Amino acid sequence: MVVGICTIGLALAENHDLKGKRQVLRSVKDRVRNRFNVSIAEVDDLDLWQRATLGVACVSKDRDVVERTLAHVASFVEGLHLAEVEDVSVEIL
C-alpha cells in the first residue's frame, strides 16, 4: 500500500473576510472531490483570511498512480484560478 500526501498552499489575495475564504475553499474542495478519488481538507492557516493550506491524501497499490494523481490534483487546483497556488509539496509514505 502506498500513501501520498500533497500540501497545497493558497493565497487568497482578493479575499476580505472568513466567509469569502470558506466559499472559495468549499468550491475548490468540492471540485477536487468530484473529479479525483482523494481526500481533501483545510489543514493549516485556519485563522488567516488571505491564506489557506489544503492537505490532499491518496492511497493506492501503485506508487506511480499516487504520484500522478497528486500532480494532477495540484495542476487542477491551479487551473481553477480561484486562488493563487503558492507552494506544493508531495510526500510518499
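Give the whole-number value, in cubic angstrom per residue, of the convex hull volume spanned by the C-alpha atoms of the chain. Please report the intermediate quantities before stating the final value.
Values: hull volume 7.0 nm³, N = 93.
In the chain, the Cα hull volume divided by residue count equals 75 Å³.
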* Structure fact -> With all protein chains in place and a 1.4 Å probe, V24 shows an accessible area in Å² (nearest 10) of 40 Å²
* Relative to the longest principal Cα axis of the chain, at what angle does helix 18-35 sit, 0 to 90 degrees, rounded to 10? -> 20 degrees
* Structure fact -> Among trypsin sites (Lys or Arg not before Pro) in the stretch 35-93, those in a DSSP loop whose Cβ has at most 12 other Cβ atoms within 10 Å are K61
* 0 to 90° range, to nearest 10: angle between helix 63-80 axis and the chain longest Cα axis -> 20 degrees
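So how do L80, L18, L10 rank on accessible area, 1.4 Å probe, biggest first, that is with the largest at the start? Could the numbers behind the result be given before it?
Values: L80 35, L18 60, L10 0 Å².
Correct descending sequence by accessible area is L18, L80, L10.
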* Asked: Straight-line reach from K29: which lysines have Cα under 21 Å away, leaving out those fewer than 8 places along the same chain?
  -> K19, K21
* What does the charge add up to near K61, with Lys and Arg as +1, Asp and Glu as -1, over the other residues with Cβ less than 14 Å from its Cβ? -> -1
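The values are calculated or read from the model by the stated rules, or taken from the named source; none is laboratory data. Every value quoted in this text rests on a predicted model; they were computed, and no experiment measured them. Quick reminder, even Gly has a Cβ in these numbers, built from the backbone with ideal geometry, and neighbours come from all protein chains shown. What goes into the accessible areas is simple: the full protein's heavy atoms, side chains included, and nothing from ligands, DNA or RNA. Shrake-Rupley method; radii C 1.70, N 1.55, O 1.52, S 1.80 Å.
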